[in-house]
Amino acid sequence: QVHLVQSGGGSVQTGGSLTLSCSASGSDFRINAAGWYRQAPGKERELVAGIGSGGARYYAEAVKGRFTISRDDAKNTVYLQMNSLKPEDTAVYSCNAGPRTTPTDSRPGYWGQGTQVTVSS
């Protein structure tokens, strides 16, 4: 059985930085493409960053220039580096991987457990 295990997150002040990680465990599952999503209270879940199997990247307009998605194949882990955080970045962040191959692939796959990111002003 495949598990995506997230780490990182927490609380920071405006302008701070956080790094989220998402590692796969179980079976021989490899993270080739992945997406980081977030859901704020009362809002729908949105894709904020994605990485394709070939390395192509997607960023939502709201996070361009501040967030960076990366993948470490040796560690079978995908990261989301978040800089210059704003209060509007406050949300539960979740990683997704599985049959997706492109940065914005929306096919269902495996989900991490979600982690809270809170940015205070």
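Before moving on, here are some points about what is shown:
- Alpha-carbon centroid distance for the pair segment 74-121 / segment 1-28, whole angstrom: 8 Å
- Average accessible surface area per residue within the chain, 1.4 Å rolling probe, Å²: 51 Å²
- Overall, the accessible surface of segment 45-121 at a probe of 1.4 angstrom is composed of carbon and sulfur to the extent of 49 percent.
- Spatially proximal lysines relative to LYS86 (Cα-Cα < 24 Å; intrachain offsets below 8 disregarded): LYS43, LYS64
The values are calculated or read from the model by the stated rules, or taken from the named source; none is laboratory data. Values in this document were obtained by computation on a predicted structure and should not be read as measured data. Just the protein is used for accessible areas: all its heavy atoms, side chains included, with ligands, DNA and RNA removed. Shrake-Rupley method; radii C 1.70, N 1.55, O 1.52, S 1.80 Å.
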